[in-house]
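To keep things clear, I will list the structure first and then write my remarks on it.
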Amino acid sequence: MYYRLKVFHLPLAPLRERPEDVVPLVQSFLDEIARVEGVRKEFTNAAVQALPEYGWPGNVRELRNVVHSATITSMNRSMFRLIWSIISTVTGRLVSVGPARRVVVKF
């Protein structure tokens with residue numbers, strides 16, 4: 001099965017090494033969700049600035065799941081605080097926002 005799936009090898013650095021890709025990916029996910037679900041939601045500026053600070057150990061799949069979870073569970077809540085509670089739930093780690101809105105992951 002492995003050799004059936006391994007047709008083409010494309011080396012790609014993990015998302016933690018490409019923080020500049022986080023915001024465009026988030027925007028792409030928000031656009032896709034808006035197209036499919038018919039509801040447009042946006043992240044606060046603070047959330048957009050802080051998202052690249054998180055290491056994203058689950059790579060793009062984790063980022064997409066967090067964005068989708070945030071859009072589902074947000075109503076009028078700040079998506080900035082909501083995003084970190086979702087990451088904490090998904091990873092099982094306490095994630096908070098420290099001084100200068102830097103993301104702090106506690107193990």
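The values are calculated or read from the model by the stated rules, or taken from the named source; none is laboratory data. Bear in mind the structure is a predicted one, so any value in this text is a computation, not a measurement. Cβ atoms come from the backbone with ideal geometry, glycine included; neighbour counts cover every protein chain shown.
Listed here are the residues, each with its yes/no results for (1) at negative phi; (2) modelled with pLDDT of 80 or more; (3) surrounded by fewer than 18 Cβ atoms within 10 Å (Cβ to Cβ).
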{"residue": "45", "(1), (2), (3)": "yes, no, yes"}
{"residue": "53", "(1), (2), (3)": "yes, yes, yes"}
{"residue": "58", "(1), (2), (3)": "yes, yes, yes"}
{"residue": "64", "(1), (2), (3)": "yes, yes, yes"}
{"residue": "70", "(1), (2), (3)": "yes, yes, no"}
{"residue": "73", "(1), (2), (3)": "yes, no, yes"}
{"residue": "77", "(1), (2), (3)": "yes, no, yes"}
{"residue": "80", "(1), (2), (3)": "yes, no, no"}
{"residue": "104", "(1), (2), (3)": "yes, no, yes"}
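Considered as a group, the residues in segment 27-70 that are of a type in the set (Gly, Ala, Ser) and touching a strand residue (DSSP E or B) at 6+ places or on another chain (Cβ under 8 Å) include one that is farthest from residue 13 (Cα to Cα), and that residue is 50. A Cβ distance below 9 Å, combined with a sequence gap of six or more or placement on separate chains, defines the contacts here; from segment 54-70, residues that are in a loop (DSSP other than H, G, I, E, B) reach residues that are charged (D, E, K, R) in the pairs 54/16; 55/16; 56/16; 56/62; 57/16.
If you filter segment 13-38 down to residues that are aliphatic (A, V, I, L, M) and surrounded by 10 or more Cβ atoms within 10 Å (Cβ to Cβ), you find that the one that is farthest from residue 71 (Cα to Cα) is 15. Residues in segment 1-36 that are touching a residue at least 12 places away in the same chain (Cβ under 8 Å) and charged (D, E, K, R): 16, 20.
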